[in-house]
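A short worksheet on the structure shown next.
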Amino acid sequence: MTTPPPQGQNPYGQQPPQGQNPYSQPQQPGQPQQGVPPQGQPQGFPQQGPYAAPGMPGAAPEPPAKNKKNILRVVGVVIALAVIGGGWWASQSDPAAAKAGDCVERGNDDDNNPELKIVECDSDTAEYKVLAKIEGKFIGMTAQSKCEDQAEGFKYAYTQTQGSDSFLLCLDDA
């Protein structure tokens with residue numbers, strides 16, 4: 001029968017390097033030591049998933065920047081469409097969109113700038129009916145004579161000039 005080697009000695013006569021467990025398996029270069037948790041990670045806690053620190057091995061991956069750019073593009077398109085749609089909807093009540101047969105109301109009592117808005121003809125706010133719309137720039141007596149030629153029975157002439165967009169509305173009571 002053989003006697004066991006004294007405690008702390010290697011049975012093969014080799015001494016382990018300082019600080020190494022004589023009973024651990026040999027370590028391959030580049031591999032973590034088996035049986036020992038990584039530094040900074042308490043034993044018993046998950047090393048992967050949402051609890052791992054960002055950027056650490058096993059941490060949930062960051063969403064790619066490409067997805068963020070796509071989301072921003074979609075949001076931008078939605079906002080642009082909303083602005084365009086809102087502008088189109090608001091312009092539907094602008095007198096520049098009026099045509100013969102439409103009804104309008106005054107936004108105020110100022111005869112020099114009545115701020116006409118298109119409304120439904122069967123609404124209580126409809127004050128005038130458009131008999132004719134004539135494109136071009138007209139003032140005073142020229143507007144009166146154009147309405148006399150184009151809209152029989154007219155009572156009021158409304159002119160508007162905005163940049164190159166000028167027109168005349170010949171109106172009657174609604």
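The values are calculated or read from the model by the stated rules, or taken from the named source; none is laboratory data. These figures come from a predicted structure and were not determined experimentally. Here the Cβ positions follow ideal geometry from the backbone for every residue, glycine too, while neighbour counts run over all protein chains shown. Each accessible area value is taken on the protein alone, full model and side chains, heavy atoms only, with ligands, DNA and RNA left out. Shrake-Rupley method; radii C 1.70, N 1.55, O 1.52, S 1.80 Å.
The table that follows gives values for the structure above.
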read-out: Checklist (1) open to solvent by 70 Å² or more (accessible area, probe 1.4 Å); (2) part of a strand (DSSP E or B) applied to ILE134, failing item; value: (1)
read-out: CYS147, sole failed condition from (1) more than 16 Å from GLY101 (Cβ to Cβ); (2) out of contact with any Gly (no Cβ under 8 Å at 6 or more places or on another chain); (3) open to solvent by less than 40 Å² (accessible area, probe 1.4 Å); value: (1)
read-out: Residue tally, condition over 14 Å from ALA151 (Cα atoms) and of a type in the set (D, E, K, R), over region 124-134; value: 2
read-out: Residues (open to solvent by 60 Å² or more (accessible area, probe 1.4 Å) and either assigned to a strand (DSSP E or B) or within 24 Å of LYS146 (Cβ to Cβ) (or both)) located in region 107-122; value: ASP110, ASP111, ASN112, ASN113, GLU115, LYS117, CYS121
read-out: Subset of region 150-163 (residues that are open to solvent by less than 30 Å² (accessible area, probe 1.4 Å) and more than 19 Å from GLY107 (Cα to Cα)); value: ALA151
read-out: Residue list for region 84-106, restricted to those being surrounded by 13 or more Cβ atoms within 10 Å (Cβ to Cβ) and at pLDDT 75 or above; value: ASP94, PRO95, ALA96, ALA98, ALA100, ASP102, CYS103, VAL104, GLU105, ARG106
read-out: Residue match in region 164-174 (condition: surrounded by fewer than 17 Cβ atoms within 10 Å (Cβ to Cβ), modelled with pLDDT of 90 or more, outside any loop (DSSP other than H, G, I, E, B) and over 38 Å from the mean Cα position of the chain (by Cα)); value: yes
read-out: Checking THR125 against (1) open to solvent by less than 40 Å² (accessible area, probe 1.4 Å); (2) assigned to a loop (DSSP other than H, G, I, E, B); (3) in contact with a strand residue (DSSP E or B) (Cβ under 6 Å, 6 or more places away or on another chain), the condition it does not meet; value: (1)
